[in-house]
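Structure first, commentary second.
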Amino acid sequence: MKVDTSKPLEYGTHENSNRIFGFWVFLGAEIALFATLFTVFFVLVNRFADGPSGSELFEIGPVLIETFLLLTSSFTIGLAVHAMRHQYKRAMLVFFGITLLMGLGFLGIEITEFVTYVHEGATLQTSAFLSSLFVLLGTHGAHVTFGFLWGAAIMIQLMREGINPATANKSFIFSLYWHFLDVVWIFIFSFVYLKGLM
């Protein structure tokens with residue numbers, strides 16, 4: 001396998017470049033998925049039936065903590081990629097681990113939030129608004145869960161094999177995925193929670 005040293009390690013082979021391009025195509029499909037979920041939510045946002053509205057249900061505190069955790073994790077995964085490009089394996093693993101721990105913290109708060117909603121009588125069956133909310137938030141949460149498991153698997157591979165063209169490529173692609181989830185969350189925070197609280 002010939003490695004082009006004039007490029008960053010994650011792009012170092014023709015196969016690696018193709019994988020990154022392919023992942024950008026995949027993210028395009030993910031954008032279409034979330035665009036559809038947001039559209040459904042915006043159509044159903046005022047259909048409360050006998051259930052609570054966003055202003056009655058949402059609490060800003062947990063949402064701000066979720067936002068802090070996810071946006072900070074986007075910064076730490078960037079630091080992990082920076083460390084990778086300088087062959088600092090230990091620093092890369094530390095920043096990668098911090099990223100995943102923040103993702104886990106985010107999931108813990110989101111699960112607690114869902115349990116609270118259900119205890120307050122807000123379920124998928126309560127109203128069209130709540131069904132669209134749960135599907136949107138649940139889909140994003142499922143993506144974060146998958147990202148946590150995927151990232152943990154990459155970390156194990158990094159510990160075993162070190163930084164090489166294959167692990168660098170996987171780590172970089174994971175960072176693209178994680179940044180994408182953060183961008184989606186910014187839209188959720190702005191147009192679901194903040195707008196719902198007004």
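The values are calculated or read from the model by the stated rules, or taken from the named source; none is laboratory data. The model shown is predicted, which means the values in this text are computed figures rather than measured ones. Positions of Cβ are generated from backbone atoms using ideal geometry, with glycine treated the same way; all protein chains shown enter the neighbour counts. For accessibility, only protein heavy atoms count, side chains too; no ligands or nucleic acids. Shrake-Rupley method; radii C 1.70, N 1.55, O 1.52, S 1.80 Å.
Worth pointing out:
- Qualifying positions in segment 35-50 - more than 14 Å from G196 (Cα to Cα) and in contact (Cβ under 8 Å) with a residue 40 or more places away in the chain: L37, V40, A49, D50
- Conditions (1) touching a helix residue (DSSP H, G or I) at 6+ places or on another chain (Cβ under 8 Å); (2) modelled with pLDDT under 95: number failed by T139: (2)
- In this structure, S132 does not satisfy being closer than 30 Å to E15 by Cβ, assigned to a helix (DSSP H, G or I) and among the polar types (S, T, N, Q).
- G103 surrounded by 14 or more Cβ atoms within 10 Å (Cβ to Cβ) and at pLDDT below 95: no
- For L130, the test of being in contact (Cβ under 8 Å) with a residue 12 or more places away in the chain and either over 17 Å from the mean Cα position of the chain (by Cα) or surrounded by fewer than 15 Cβ atoms within 10 Å (Cβ to Cβ) (or both) is passed.
- Scanning segment 87-100 for residues that are open to solvent by 80 Å² or more (accessible area, probe 1.4 Å) and either in contact with a strand residue (DSSP E or B) (Cβ under 7 Å, 6 or more places away or on another chain) or assigned to a helix (DSSP H, G or I) (or both) yields a total of 1.
- Some residue of segment 50-72 being in a helix (DSSP H, G or I), open to solvent by 40 Å² or more (accessible area, probe 1.4 Å), of a type in the set (S, T, N, Q) and at pLDDT below 95: yes
- Residues of segment 17-51 that are under 30 Å from G121 (Cα atoms), of a type in the set (G, A, S) and under 17 Å from the mean Cα position of the chain (by Cα): A35 alone.
- Filter result (more than 16 Å from the chain's Cα centre (by Cα), part of a helix (DSSP H, G or I) and of a type in the set (A, V, I, L, M)) within segment 155-174: M155, I156, L158, M159, A166, A168
Okay, residues lined up against (1) open to solvent by 30 Å² or more (accessible area, probe 1.4 Å); (2) of a type outside the set (S, T, Y); (3) at pLDDT 95 or above:
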| position | (1), (2), (3) |
| --- | --- |
| E120 | yes, yes, no |
| Q157 | yes, yes, yes |
| A168 | no, yes, no |
| L194 | yes, yes, no |
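- Checking the stated criteria, T116 turns out not to satisfy the condition of being in contact with a helix residue (DSSP H, G or I) (Cβ under 7 Å, 6 or more places away or on another chain) and either open to solvent by 50 Å² or more (accessible area, probe 1.4 Å) or at pLDDT below 95 (or both).
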